[in-house]
1. In segment 307-340, which residues are within 19 Å of SER293 (Cα to Cα), open to solvent by less than 70 Å² (accessible area, probe 1.4 Å) and free of Cβ contacts under 8 Å to residues at least 40 places away in the same chain?
2. Among the residues of segment 473-485, are any in a loop (DSSP other than H, G, I, E, B), within 14 Å of the ligand (Cβ to nearest atom) and open to solvent by less than 70 Å² (accessible area, probe 1.4 Å)?
3. Pairs under 6 Å by beta carbon, first residue assigned to a helix (DSSP H, G or I) in segment 64-77, partner open to solvent by 80 Å² or more (accessible area, probe 1.4 Å), six or more apart or different chains?
4. I'm told VAL333 meets every condition in (1) of a type in the set (A, V, I, L, M, F, W, C); (2) in contact with a strand residue (DSSP E or B) (Cβ under 7 Å, 6 or more places away or on another chain); (3) under 17 Å from TYR399 (Cα atoms) except one. Can you identify the failing condition by its number?
5. From the list GLU111, GLU74, which one is acidic (Asp, Glu) and open to solvent by 20 Å² or more (accessible area, probe 1.4 Å)?
6. Would you kindly identify the strands (runs of 3 or more DSSP E) lying entirely within segment 137-199 that contain at least 3 residues that are near the ligand (Cβ under 10 Å from one of its atoms)?
7. With the condition kept exactly as written, say whether any residue in segment 40-47 is touching a Gly at 6+ places or on another chain (Cβ under 8 Å), of a type in the set (D, E, K, R), at pLDDT 95 or above and not in a strand (DSSP E or B).
8. Checking LYS173 against (1) open to solvent by 10 Å² or more (accessible area, probe 1.4 Å); (2) touching a residue at least 60 places away in the same chain (Cβ under 8 Å), which single condition isn't satisfied?
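The values are calculated or read from the model by the stated rules, or taken from the named source; none is laboratory data. Everything numeric here is computed off the predicted structure, so don't read it as measured data. Note that we place each Cβ from the backbone using ideal geometry, even for glycine, and neighbour counts take in every protein chain shown. These accessible areas exclude ligands, DNA and RNA; they are computed on the full protein's heavy atoms, side chains included. Shrake-Rupley method; radii C 1.70, N 1.55, O 1.52, S 1.80 Å.
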Amino acid sequence: MRAHAVYTHSVATTAIERKLFIGGEWIETGDWLEVASPYDGSLVGRVARGGAHEARRAVDAAERAMAEPLPAHERAEILDRTARLIHERSDEIARTISAEAGKPMKAARIEVSRAQSTFTMAAVEARKLAGDVVPMDASPAGSGKIAFTLRVPIGVVGAISPFNFPFNLVAHKVAPALAAGCAVVLKPASQTPLSALLLAELEAEAGLPPGWLNVVCGPASDIGDVLVEDERVALITFTGSAPIGWRLRERAPRKRVNLELGNATPVIVAADADLDDVAVRLAANAFSFAGQSCISVQRIYVEREAYDMFLELFLPRVEALVVGDPADETTDVGPLISTGERDRVLEWIEEARARGGRVLSGGELDGELLRPTVVADAPADSKVACEEVFGPLCSVAPYDSLDEAIDLANGTRYGLQAGIFTRDVKAALRASRDLDFGGVTVNEAPTFRADQMPYGGVKDSGNTREGPAYAIREMTEQRLVVLQL
Ligand code: NAP
C-alpha cells in the first residue's frame, strides 16, 4: 500500500481514497467527492472535496515555492525522474485512467506512454530554455550597446483539465510549467481526479519540493473563481469545452489564458488514396475511447467515385470493433463518460435521422453502451455534421471537387486538426494551405498527436499551442537586458 492512497478492499472492487495535495501535504477536508465508473456505476474511489479556501491555500503554497527558484538542471532532473516513475508504474496508472474515465485499457496504456514522453520532452526544454541575442547595432539607436533577453517564469500557473485524458493532459500543463520554473495549482475534472492525484504522488516521489504542484478537487466554479480573481495566478491554462474556456478568458482580461478546446474533426479522402489503409485508420480513430477525444475523426468526406468502395471497406471495420468493458484488454469502444452524454448523442442521431440522415451502422445501444455509429446524408447544418459530437459517431458524405471538400471541412466553428488522404502532392499541399485548422495531417488520421508537436486550434478551438517546447514559451516572459559598452 502506498503512503498517500488508501485502498479500501471490498468483495469485488478496490476503491481508492485520496486527499488533496497542497504545499507538499495531503489534506483532508471532511467532505468527499465520489468517483464512479462510467461503465457500471461502481465506486472507483473518493477524493477530498475542496473549494475556494483550499484553492487560496494552494496559491499561497505555490507563491512560497516560487520564492525559492529551482535551477533548470534540478527541474530537468525532477522531470526525468517523473518520466521514469511513470514508466515503472505504468500498469497502475493505466488502470486508474481506465477505471475513472471508462477508457479501454488499450487506449489507457497509450496515454501513459505518451505522458512519459511529455515529461521527457519537458525535461529537454528545461535544459535549453534560453533567450535571444538582439542585434543592437542593426539600428543607429542601438550602436554601442549589447542586448539579450532572459526567459523568466511568468508566475503561478492555474491549470484546469478535462476528463478525457486525465493523465496526459494534466502532464501537458504540469510538465512545461515546472520546466519553465512555475509552480502550479491544478484543478482536475471532477469525474477523473484520481489520475491527477496519482501524478502528484509521483512528483513528490521524484523529489519535487513542496508547493510546486498543488492539486485541488471540488466545485469548478469556486476553484475557477480563485484562479481568475487571485492576482498571483499569472496564467490559466485550460483544456475543455469551448463555452467554458472562452468565458474564463473574458473574465480574466489581465492574465494570459491559454485555451485548448473542442473540434468537429474532418477528413478528406481522395479517390487515389489507399482506401484499405484509410478504412483501417479511420475506423480506429473515429471510435477509440468512444469518440471522446478532441480530435476524434467525426466527418469523413470521400471523393464521389470512391465513395461506395470506401464504405464497403470501412463499415465492416467499424462493425468489427469490440464494444464492452474498458477493463478488458480486447475492448476498443467502452462507455461514454455519463448516461447523460450517451443520451445526448442518441438525440443528435435522431435529429440527423429526422432530417434525412441514414444510419449505416450502429445508432442503437448494445446493453448500456452506444454502438459505433456511421451516418450518411446528414444535412451540413445538422449537429452531427458541424458541432462537436464527442461520442462514437462519424458522418460520411461524398464530394465532387477538392474545393467543395475543403469548404465542407471548413464549415464548422472549430479549427483544431483536419486531415487528407491522397497520393497527389499538389492536392495535399493545397488542402494543407486552405484547411482552416491548427494542424493538418496527410495520409494519417487527424487524431494523430505526438506530444512534442505544436498542438492547438484556431477559431473556437483555442488560442495557443501545447507541446512542451511551445507551452514553455507561453509560461515564461522575456526580460530584456541592455548593456552600454
Ligand atoms: P469541460 O466540461 O469544459 O470541463 C473541463 C474542465 O473545466 C473540468 O475540470 C471542469 O471541472 C472545469 N470547469 C467547468 N466549469 C468551470 C468553470 N466555471 N470555471 C472553471 N473551470 C470549470 O470539458 P470536459 O467535458 O471535461 O472535456 C471535454 C471537452 O474538452 C471537449 O470539448 C473536448 O474537445 C475538449 N478537449 C480539448 C482538448 C484540446 O487539446 N484541444 C483536449 C481534450 C479535450 P468539473 O469537472 O468539476 O466540472
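1. Within segment 307-340, VAL322, GLY340 meet the criteria.
2. Within segment 473-485 (the criterion being in a loop (DSSP other than H, G, I, E, B), within 14 Å of the ligand (Cβ to nearest atom) and open to solvent by less than 70 Å² (accessible area, probe 1.4 Å)), the answer is no, since none of the residues qualifies.
3. Note: pairs meeting the criteria are ALA76/ARG127.
4. Every listed condition holds for VAL333 apart from (3).
5. GLU74
6. Those strands (runs of 3 or more DSSP E) span 156-160.
7. no
8. (1)
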